[in-house]
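The numbers here are math on the coordinates, done by the rules we state, and not lab data. The model shown is predicted, which means the values in this text are computed figures rather than measured ones. Neighbour counts run over all protein chains shown; Cβ positions are idealised from the backbone, glycine included.
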Amino acid sequence: MAQTAVTRERLFALRETIAKLEGKPVPALAAAEQEALGKGNAPRKRDETPRFCFGIPELDEALEGGLPLDALTEIRTKMFLDAGSSSGFALAIAAALQHRAEEKNPVLWIADKVGTIEAGVPYAVGLKDFGLRPELFLHASPRKLEDALWLAEAALESGAFVTTILEIRGNPKSFGLAESRRFHLRAKSAGRSLLLLRQSGEEETSSAHFRFLAGPAPARERPLPDGSMLGGSIGNPVFHLTLEKSRNPAPLSLFLEWNPHDRQFLPVDQPAVTRFPEQRAAHSGAVLPTSFDRQDRPKAVGPLVAFERAS
């Protein structure tokens, strides 16, 4: 199966090269690729495309009605320390899809070995608290990125998963424009979604329908029984999302809160406190003036050489 996929991709690349030499339009090759995959049906119209609606008018409008469920969607982070934001956002989408689906199909998470070492692996108890069903969640960690790509392509072709999550690190050479185009066409023909998590990756040309930049954000204050608000506590996760790739002329930036009990996203205002605990003083308070008559600090001792006394 892996050899067949490689052969098809090489054939498609050869057709693209010949089309460029002959001056033919390259976009028309997508139909030829679908025929090679055995899916010669006419593409769906936009209103017939299955979509996931966030329930947020501003975001759903930017996504042309919602996130397409038969396409490649990329979610990236600038640094590895933000991996929890992209992973949490992808898992929230998977939980909502699994909850809304009539058939409870499992979710497949595929992570290359390097990404697993840096970002860790999903935890069953945490998945349940996040709104997922651990018994319907499968995790795979192939040793090589090529094996992870093959497994993701096979998962899409099987159509057995409500969504497939592929986690990679950075911008590897083995996953470029040609591979993303192949995955997008595979997801289109199978009618399944593929969420690509690019941890600590830069923007690059991709066939992904949409691309999000995910970052962390402080949780909202929680109301107490007496009516006051409790700040700085553990609440529902909040994601700072930027829709980088879409038909919008400018990127869309917003904050979304994930409610794992209702399995839905809620828009929130920008938090007032934008600095995280490691960026704030441990004991903040009034800054006192420096004493003017205190004892001088001892000078640093430099290198010394011991000599015997002369007398």
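Distance between the 7 Å Cα→Cβ label points at Asn259 and Glu58: 1.9 nm.
Assuming 0.36 nm per residue, please report the length gained on full extension of the stretch Leu81 to Glu202 beyond their Cα-Cα distance. Taking Leu81 through Glu202 to full extension adds about 42.1 nm, to one decimal. Annotation: amide H of Trp109 within the under-5 Å range of Leu138, His139, Ala140, Ile165, sequence separation 5 or more or interchain, hydrogens built in the peptide plane.
Exposure proxy ranking for Ser246, Ser200, based on other Cβ atoms within 10 angstrom of each Cβ and starting from the fewest, stands as Ser246, Ser200.
Only sites in a loop by DSSP and with at most 13 other Cβ atoms within 10 Å count here; which trypsin sites (Lys or Arg not before Pro) in region 40-141 make the cut? Intermediate values should be presented prior to the final figure.
Working: sites: Arg44, Lys45, Arg46, Arg51, Arg76, Lys78, Arg100, Lys104, Lys113, Lys128; in loops: Arg44, Lys45, Lys78, Lys104.
Passing both the DSSP loop test and the Cβ count: Arg44, Lys45, Lys104.
Between the amide H of Lys245 and those of Arg211, distances stay under 5 Å, these residues lying 5 or more places away or on another chain, with hydrogens modeled in the peptide plane.
Pairs over the 25 Å Cα-Cα cut-off, from the set Lys78/Lys245; Lys78/Lys113; Lys78/Lys144; Lys128/Lys173: Lys128/Lys173. For region 49-58, putting each phi into the Karplus relation 6.51 cos²θ - 1.76 cosθ + 1.60 with θ = phi - 60° gives couplings of 6, x, 9, 9, 8, 7, x, 10, x, 4 Hz, in residue order, rounded to whole numbers and with x for Gly and Pro.
Using Cβ counts within 10 Å as a stand-in for footprinting exposure, how do Thr49, Thr164, Thr205 rank, fewest first? Don't skip to the end; give the middle numbers.
Details: Thr49 18, Thr164 27, Thr205 9.
In order of increasing Cβ crowding within 10 Å: Thr205, Thr49, Thr164.
Given R0 = 22 Å, the distance between the Cβ atoms of Asp129 and Glu103 translates into a calculated FRET efficiency of 0.40. A simple rule links phi to the HN-Hα coupling: the Karplus curve 6.51 cos²θ - 1.76 cosθ + 1.60 with θ = phi - 60°, which for region 253-261 gives 10, 7, 10, 10, 9, 9, 9, x, 6 Hz, with x for Gly and Pro.
Starting from the Cα-Cα distance between Glu146 and Leu224, subtract it from 0.36 nm times their residue separation and give me the gain in nm to one decimal. Intermediate values should be presented prior to the final figure.
Details: separation 78, 0.36 × 78 = 28.08 nm, distance 5.08 nm.
Contour length minus the Cα-Cα distance gives 23.0 nm.
Note on Arg220, Arg181: ascending count of other Cβ atoms within 10 Å places them as Arg220, Arg181, the fewest first. Backbone phi angles across region 114-119, fed through the Karplus curve with coefficients 6.51, -1.76 and 1.60 (θ = phi - 60°), yield HN-Hα couplings of 5, x, 5, 5, 7, 9 Hz in residue order; Gly and Pro are listed as x. Scanning residues 5 or more positions from Gly201 or on other chains, those with amide H under 5 Å from its amide H are Thr77, Gly170, with H placed 1.01 Å from N in the peptide plane. Can you classify region 64-141 as rounded, prolate or oblate using the Cα gyration tensor, where a ≥ b ≥ c are the square roots of its eigenvalues, rounded means a/c under 1.5, and otherwise it's prolate if a/b beats b/c and oblate if not? It comes out oblate by the Cα gyration axes.
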